[in-house]
Every structure is written in structure tokens, then in C-alpha cells.
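The values are calculated or read from the model by the stated rules, or taken from the named source; none is laboratory data. Keep in mind that what you see is a predicted model, and the values were worked out from it rather than measured. Neighbour counts are summed over all protein chains in view; Cβ atoms, including those assigned to glycine, are modelled from backbone coordinates with ideal geometry. These area figures cover heavy atoms from the full protein model, side chains too; ligands, DNA and RNA do not enter into them. Shrake-Rupley method; radii C 1.70, N 1.55, O 1.52, S 1.80 Å.
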Amino acid sequence: MNAGAWFADRLRAEGLSKWADVAPLQWQQAIELAPHGDWPRWRQALDSLPALGPGRVALDDGALWLRPAEGLTDGAAAHLRSALMELHPWRKGPYRIDSLRVDTEWRSDWKWGRLAPHIDDLAGRLVLDVGCGNGYHAWRAALGGARFVVGIDPTAVFLAQFLAIRELLGQLDQSLARRVHLQPIGIEALPGGLRRFDTVFSMGVLYHRRAMLEHLVELREALRPGGQLVLETLVIQREGQAVLVPEGRYAKMRNVWFIPSPGLLETCLRRAGFTNVTTVDITITGCEEQRSTAWMTFESLADFLDPADSGLTIEGHPAPRRAIAVASAR
């Protein structure tokens, strides 16, 4: 059974028949009908991954650690590194496979550490991770006990990275591997009115959406009544109902449309149909958390800031500051 059909069956088992009806075509569109031009190269890298043998999955300094019982030989480790490097750039993580550490651009484990004390117990929950990247936070949710985690992200290289991790992880813990799936779509392709997920994550997505309230309503429509939203986004440090709308780029990003104040963010969440809205963390993004590495060699945060004033972006806007808000769906 191919991944699209397997996912559809799992969706039906979770009471998500509306999505199950379109899920196989979504998968086929991304993988077969209109694949990214680099898919043949990425597919070759995925097919060449070495065998890990039995072992277990753990955490090591925040990295998702795939720990085979017998260590890889030097040759196998070098081959593994070469195969995973074909999937550059690695933005979310970190990961560790045996002794090989995939040092990603983002220390996504730091974000997880900030939000984890504020999320409802994930044991037995159905989770949706919107804009999941290569799935790092989805794996953390599964390790936290979620029964099934669905990540959605349309970026092809992130799907290739996810498939690499799932293939390797599945050799150590097949049950865990089958509890996480990445569907290569954006949220606009998610059927409306599902009202089924116990927890929805939306992290680093809101400011990329042209319609902020519409995105929040989409998130609410995926949640069951009483389900929890965990939202992380850029904010500006201003009191009350304020918003920054960059005329051009923000930190060299073209697609940043709205950066709200924490007060405006909370108001928008309530207007979108959420209750128990609470901002639980506001943190300035530092160059230790987001940086260029051997696994992501392009520009990163240090290149996006004013070299004379790290409190400003290169365009003169306030430097990145991120808030985490939690809320319950009506």
C-alpha cells in the first residue's frame, strides 16, 4: 500500500473521512504528478540510506536520537552523512543518528522547551502540526504520547528529510514511525470543518499568511470543541492593539505580511472563536538559536540583522521577537 492510501485509511479510522477522500490525490500530486525537479536526486539519497539494525529512539541534548544497538562502521557513517547532505538545507531539528549529529539551522528543541510546560498532556491525543517543516516537533509530540500526529507542509525538501528520518527511525521503532505522517500540502488544502484534532500546532506560520484572522479560523475549524491551539509567531513589543505591516521585506523575508503586538494577537484569537487565550512566552530570537551550520550553509539570522544594532533588522524594523500563545477552541 502506498503512503497516500495508508494515510487515507488512517484518517478514516480517526473519523476524518472528508480529508481521507482527497488525501491520496494530494500525495500523488506532490510525489508523482508534479514532483519537485530534485526528487530523482532526493529519491536516490533516500534509497541509499544504510541499515541501522535494532535499537531505540531517545533524546540527546534536544536532538531526536536514533540510537542503534551496534554503532555504524566508519564507512556506513560516512555514507549516511553523504546521503543526508543531499537533502540540504536542514532547517528544523536537531537530529542525531548514532554518532552523527545533524546540526540544523534552528535549535527547534529550544522552542519545544518553551512551549512544553504549557501544552495539555499529549498522551492519546490526535495532533495536527501546521507548517511542520521536516517534522521535528511532530516527532516530539509523538514521543510525548500522541496517538497520531499529522504534519502538513508543502515544501518538497522538508518531505524528503521527513521520509529519511522516518525510514531510519522505523528500523528502531516501527510503532513510533507509524504514529507520524507528513502530508505535503498547505493549510489551504485542508478540508474545512474537520473539528476533530485534540491539539493543533501553528508555529512560525501566522506572519506568512495574507489574512491573519482567516488563518486563525482555519486552525479553529481543525480543532474539536475544547481542543487546544498552540501558536507561535513573530510579535512586536508594543502595548495594546498594534501591528507592523512591512512595506518591503522583513529580515530579508519577502512574505511577512503582519506582525501583531501580543495584545492584538490575543484579540484576534478571541475574535476567531478561541477562549482561554493566554500568551505564555515572549522571547527574543538569538543567533545561538537560529544560525548557519554545516547542514544549512545559506544566510541565517546574523545576516538578517543590522550589523550596527542587533535590535533592528537589516531593513530597520524591530528584530525578531517570538510569542507563544495557547487557547481553547469553542
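Which of the following residues is in a loop (DSSP other than H, G, I, E, B) and either open to solvent by 10 Å² or more (accessible area, probe 1.4 Å) or without any contact (Cβ under 8 Å) to a residue 12 or more places away in the chain (or both): 224, 195? Spell out the reasoning first.
On the way: 224 fails: in a loop (DSSP other than H, G, I, E, B).
Just a single option satisfies the conditions, and that option is 195.
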- Task: State yes or no: is residue 59 among the aliphatic types (A, V, I, L, M) and open to solvent by less than 50 Å² (accessible area, probe 1.4 Å)?
- Result: no
- Item | Of the criteria (1) touching a helix residue (DSSP H, G or I) at 6+ places or on another chain (Cβ under 6 Å); (2) assigned to a loop (DSSP other than H, G, I, E, B); (3) within 24 Å of residue 318 (Cα to Cα), which one residue 233 fails | (2)
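For the stretch 198-220, which positions are open to solvent by 30 Å² or more (accessible area, probe 1.4 Å), part of a loop (DSSP other than H, G, I, E, B) and touching a residue at least 12 places away in the same chain (Cβ under 8 Å)? First the steps, then the outcome.
Applying the first criterion (open to solvent by 30 Å² or more (accessible area, probe 1.4 Å)) to the stretch 198-220 yields 208-211, 213-214, 217-218, 220.
Still in the list and also part of a loop (DSSP other than H, G, I, E, B): 209-211.
Selection gives 209, 210.
Quick check on the stretch 135-164: of everything there that is of a type outside the set (Lys, Arg) and assigned to a loop (DSSP other than H, G, I, E, B), which residue is most open to solvent (accessible area, probe 1.4 Å)? Write out each step before concluding.
Filtering the stretch 135-164 for residues of a type outside the set (Lys, Arg) gives 135-139, 141-146, 148-164.
Among the residues that remain, those that are also assigned to a loop (DSSP other than H, G, I, E, B) are: 135, 144-146, 153-155.
Numbers: 135: 1, 144: 38, 145: 30, 146: 0, 153: 13, 154: 84, 155: 54 Å².
Checked the stretch 135-164; the qualifying residue most open to solvent (accessible area, probe 1.4 Å) is 154.
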- Exclusive hit being over 29 Å from residue 229 (Cα atoms) and either open to solvent by less than 30 Å² (accessible area, probe 1.4 Å) or in contact with a His (Cβ under 7 Å, 6 or more places away or on another chain) (or both), set 83, 69: 83
- Query: Quick one: what pairs do we get from the stretch 259-272, first residue free of Cβ contacts under 8 Å to residues at least 40 places away in the same chain, second buried (at least 20 other Cβ atoms within 10 Å of the Cβ) and not in a strand (DSSP E or B), C-beta under 7 Å, 6+ apart or different chains?
  - Reply: 261/235
- Task: Could you list, in sequence order, all residues of the stretch 296-312 that are outside any loop (DSSP other than H, G, I, E, B), touching a Lys or Arg at 6+ places or on another chain (Cβ under 8 Å) and either over 16 Å from residue 107 (Cα atoms) or open to solvent by 40 Å² or more (accessible area, probe 1.4 Å) (or both)?
- Result: 302, 303, 304
- Message: Please go through the stretch 247-270 and give me each residue that is of a type in the set (Gly, Ala, Ser) and either in a loop (DSSP other than H, G, I, E, B) or open to solvent by 40 Å² or more (accessible area, probe 1.4 Å) (or both), ordered by number.
- Response: 248, 251, 261
- Options 188, 167: the member that is free of Cβ contacts under 8 Å to residues at least 40 places away in the same chain, over 12 Å from the mean Cα position of the chain (by Cα) and either within 17 Å of residue 8 (Cβ to Cβ) or open to solvent by 10 Å² or more (accessible area, probe 1.4 Å) (or both): 188
- Message: All but one of (1) among the charged types (D, E, K, R); (2) within 24 Å of residue 128 (Cα to Cα); (3) open to solvent by 60 Å² or more (accessible area, probe 1.4 Å); (4) under 20 Å from the mean Cα position of the chain (by Cα) hold for residue 179; state the number of the condition that does not hold.
- Response: (3)
- Looking only at the stretch 8-31, which residues are part of a helix (DSSP H, G or I) and over 22 Å from residue 125 (Cα atoms)? 24, 25, 26, 27, 28, 29, 30, 31
- Note on the structure: For the stretch 43-52, the count of residues that are farther than 14 Å from residue 102 by Cβ and open to solvent by less than 30 Å² (accessible area, probe 1.4 Å) equals 3
